[in-house]
1. How much of the pair distance distribution for the protein assembly as shown lies past 34 Å, counting alpha-carbon pairs only, in percent?
2. Compute the semi-axes of the equivalent ellipsoid of the stretch A:87-131, taking the square root of 5 times each eigenvalue of the Cα gyration tensor, and list them largest first in whole Å.
3. Ordered by residue, what ³J(HN,Hα) values in Hz, to whole numbers, does the stretch A:106-121 give under the Karplus form 6.51 cos²θ - 1.76 cosθ + 1.60, where θ = phi - 60° and Gly and Pro are x?
4. Out of every Cα pair in the stretch A:1-137, what percent are spaced more than 19 Å from each other?
5. Cα-based Rg of chain B per 2.2 N^0.38 Å, rounded to two decimals?
6. Over the stretch A:115-158, what percent of the accessible surface lies on carbon and sulfur atoms, probe 1.4 Å?
7. Would you please give the residues with an amide H less than 5 Å from that of residue A:18, counting only those at least 5 places away or on a separate chain, with H modeled from the backbone geometry?
8. What are the equivalent ellipsoid semi-axes of the stretch A:4-48, built from the alpha-carbon gyration tensor (square roots of five times its eigenvalues), in whole angstrom, biggest first?
Amino acid sequence: MSSVTPVVVLAPVPGRAVAIEEVPDPTFAQSIVGPGAAIDPPRGVVDAIAPISGKLLKVFPHAYVILSPDGLGVLVHLGIDTVQLHGEGFTLRATQGDTVSAGDVIVSYDVVAIEATGRNPIVPVIILERTAENITLADAVTAGAQLAAGDEFITVNS
Amino acid sequence: MSERTATIASRVGLHARPASIFAAAVGELSIDVTIGLESDPAEDAMDASSILSLMSLGAANGDVVVLRAEGEGADEALEALVLILETDHDAA
């Protein structure tokens with residue numbers, strides 16, 4: 001599977017860009033699932049959006065995967081160890097199997113509620129079935145800058 | 001064609017961490033392995049080395065999956081993969 005034209009992956013939530021290596025979960029920090037970067041969201045309820053256009057392949061709802069028509073998969077994981085919350089703190093705004101456009105709201109994410117459970121609300125954004133050589137982080141991401149949801153986040157080159 | 005069933009032991013299901021461990025193990029094999037839910041028809045089985053396939057399969061804790069492979073060493077390979085699936089990698 002290789003997409004011919006570069007695909008721009010958008011920041012799914014607002015917040016401060018964080019290097020993937022700094023995510024406090026080795027599964028993500030060591031890029032076991034795939035390469036990417038993370039966002040530390042503001043403490044409030046944030047709308048997590050589709051980072052690319054495609055099919056909403058899977059919604060957990062603490063994480064979701066969007067698959068582009070070219071076969072590029074992007075995983076957005078809302079918080080660390082949030083799978084154990086069984087959906088608490090997450091409000092689905094789209095349905096699994098939906099065709100979505102980049103920017104569409106997928107999940108409302110209650111960052112305060114997740115942090116109150118003692119979990120880290122950081123949001124890893126993972127490019128599936130690619131390696132670090134296939135992706136380029138946006139300059140603002142490398143700089144660890146504050147991002148708005150929908151800002152350019154990662155370009156997948158191949 | 002070799003075939004084995006496995007019960008997903010991971011408490012969180014075949015999600016990010018366990019799915020990645022499993023996909024990496026399949027990727028190291030020289031044979032193609034498919035995975036499907038026992039309740040689904042065999043033709044719906046997907047590439048077991050693809051993290052994308054595994055996450056869309058979304059097997060939960062306690063779900064029974066079927067692994068299938070063909071070729072030299074398929075039986076032994078599937079035995080090893082069953083062990084991975086039946087281990088809870090999130091156990092402390």
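1. Working: 4637 of 31125 pairs.
Value for the protein assembly as shown: 15 percent of Cα pairs lie more than 34 Å apart.
2. Three semi-axes, in Å: 22, 17, 8.
3. 9, 9, 8, 10, 8, 4, 5, 5, 5, 5, 5, 8, x, 9, 7, x
4. Working: 4187 of 9316 pairs.
More than 19 Å apart: 45 percent of the Cα pairs in the stretch A:1-137.
5. Details: Rg = 11.7 Å, N = 92, 2.2 N^0.38 = 12.3 Å.
Compared with the compact-globule rule of thumb, chain B sits at 0.95.
6. Reported share for carbon and sulfur atoms: 49 percent.
7. Sorted by chain and number, the residues that satisfy this are A:38, A:39, A:40.
8. Values: eigenvalues 76, 61, 12 Å².
Each semi-axis is the square root of five times an eigenvalue, giving 19, 17, 8 Å.
The values are calculated or read from the model by the stated rules, or taken from the named source; none is laboratory data. Small disclaimer: the values here were computed from a predicted structure and weren't measured. Cβ sites come from the backbone with ideal geometry, for glycine too, and all protein chains shown count toward neighbours. We work out accessible area using only protein heavy atoms, side chains counted, and drop any ligands, DNA or RNA first. Shrake-Rupley method; radii C 1.70, N 1.55, O 1.52, S 1.80 Å.
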